[in-house]
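**Q** Below is a structure I'd like to ask you about.
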Amino acid sequence: MKLVVQVKLLPTPVQAAALEATLHACNEAATWASEVAFGRDVKRNFALREHTYTEIRQRWGLGAQAAQHVVKKTCDAYTALKANLKAGNLGKPWSKRYRRAAEKPVVFRPEGAQPYDDRMLSWQIAERTVSIWTLSGRVKGVAFTASPQQLARLALYRKGESDLLYRDGMWFLNATCELPEAEPNADPDGFLGIDLGIVNIATTSDDQIMAGRALNRGRLRERTLRSKLQKKNTPSAKRRLKKRRRKEARRAKDVNHKIAKHVVAEAERTGRGIALEELTGIRERVRLRKPQRATHSSWSFAQLGAFIAYKAKKAGVPVVYVDAAYTSRTCAECGHIDRANRVSQAWFACRSCGFVDHADRNGSRNIRARAEELWRRGAQSIAPDPPPTPEGGTGRKRSATASGARCASPGLQSRVVDSVNL
């Protein structure tokens, strides 16, 4: 299983200046190579290298490995753009957003990440330093900070490229590690159903309701403050906005990590699998009133699903994705489906048998039942796909998949950043 370990670099001012100049040169060269690729319609690595490699080395003074990584990074950007356009992530072909992305070359930010291989970057893990190539030559003894767990992973499992990036005045290295996978549990003792929501981030079939209101209050507070500072538009307001950048995302990521860790630990302890809803495409399907749109768009359920998937894979816990259609309207006791069953956001009352329960808890029981049925029918043999990435609501949740289930047991690969505590 691939996992990305992020460590914070602590360069001296001279070292930081060399890293900054190198990063700017690489991204400026990548932007030029992108213009060549777009103009000539040459977006494959070896073909584009014929048109750009020599000039990149002469014009920007990059080394052979750095120039090749610049060309490869450019091609990878167009591959990702093509996939996003095909998947509809940038809107319909006639939309302004789609045309802006498709009708002009890709542009790289001056401080965008740059890949380094082992010829350009070497790690001295015991000394907590790295030696890294720059335009000024090899810079040795660049210190970094990491937790003992991260140091152990780097020493044992680091493999492949590392990315140098600059963010909010800090330097980071993202190193790819290939961790061994635990033996998957081929015979789970049932499933732990997880209902994902906005008011309650996650509700389990064991009657546990996690996070939700406190996180949403924090998001509302950040959004209100951000709006006020943007309207004020003074230098001090701009400085404060810059300082608080991504604070909401960091808080949500921390909560999602804690929820995923708890869910996987509980499933592992009881010998069960994990059942999640397949919510792909739900953001495009639901219609919301204007006051609800910001809350819905900031719901990071896809991140939570990815965290659960990779933590479960490490622990050998099978994960099954089930069709989310009508899980909110189906009675977990008698199976009766009726829109009127959902009395409110919080409560479920069956119109057939009179069963009353918390709405999210009822939904998690339905998810658990569907996963157990799919597993009995042999769903564990279904080839796994990447984790789901869209969103859902409290009403009818309709899956975009025809099969209605995916198993993320052995074989699901996730690249998730294991961040250093700053």
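**Q** Pairs needed: first member in the range 107-129, among the polar types (S, T, N, Q); second member anywhere, exposed (fewer than 14 other Cβ atoms within 10 Å of the Cβ); C-beta distance under 7 Å; at least 6 residues apart or different chains.
**A** Thr129/Gly141
**Q** Return only the number of the condition from (1) closer than 15 Å to Ser205 by Cβ; (2) touching a residue at least 40 places away in the same chain (Cβ under 8 Å) that Asn362 does not satisfy.
**A** That leaves (2) as the condition not met.
**Q** Output the residue which, of all residues in the range 95-135 that are part of a helix (DSSP H, G or I) and among the charged types (D, E, K, R), is surrounded by the most Cβ atoms within 10 Å (Cβ to Cβ).
**A** So, considering only residues that are part of a helix (DSSP H, G or I) and among the charged types (D, E, K, R), the one surrounded by the most Cβ atoms within 10 Å (Cβ to Cβ) is Arg99.
Yes or no, residue by residue, for (1) at pLDDT below 95; (2) farther than 27 Å from Asp168 by Cβ; (3) small (Gly, Ala, Ser):
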position	(1), (2), (3)
Thr22	no, no, no
Cys26	no, no, no
Val42	yes, yes, no
Gln68	no, yes, no
Val71	no, yes, no
Leu85	yes, yes, no
Pro93	yes, yes, no
Tyr98	yes, yes, no
Ala101	yes, no, yes
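**Q** For the range 357-368, which residues satisfy the criterion of being among the aliphatic types (A, V, I, L, M) and modelled with pLDDT of 90 or more?
**A** The answer is Ile367, and nothing else.
**Q** If you scan the range 259-301, which residues turn out to be out of contact with any Gly (no Cβ under 9 Å at 6 or more places or on another chain) and either closer than 17 Å to Pro184 by Cα or modelled with pLDDT of 80 or more (or both)?
**A** If the condition is that a residue be out of contact with any Gly (no Cβ under 9 Å at 6 or more places or on another chain) and either closer than 17 Å to Pro184 by Cα or modelled with pLDDT of 80 or more (or both), then Ile259, Lys261, His262, Val263, Val264, Ala265, Glu266, Arg269 are the ones that fit.
**Q** From Asp195, Asp207, which residue is buried (at least 16 other Cβ atoms within 10 Å of the Cβ), among the charged types (D, E, K, R) and assigned by TED's automatic domain parsing to the domain that holds Val319?
**A** Going through Asp195, Asp207 in turn, just one is buried (at least 16 other Cβ atoms within 10 Å of the Cβ), among the charged types (D, E, K, R) and assigned by TED's automatic domain parsing to the domain that holds Val319: Asp195.
The values are calculated or read from the model by the stated rules, or taken from the named source; none is laboratory data. None of these values were measured; they are calculated from a predicted model. Glycine also receives a Cβ, built like all others from the backbone with ideal geometry; neighbour counts cover every protein chain displayed.
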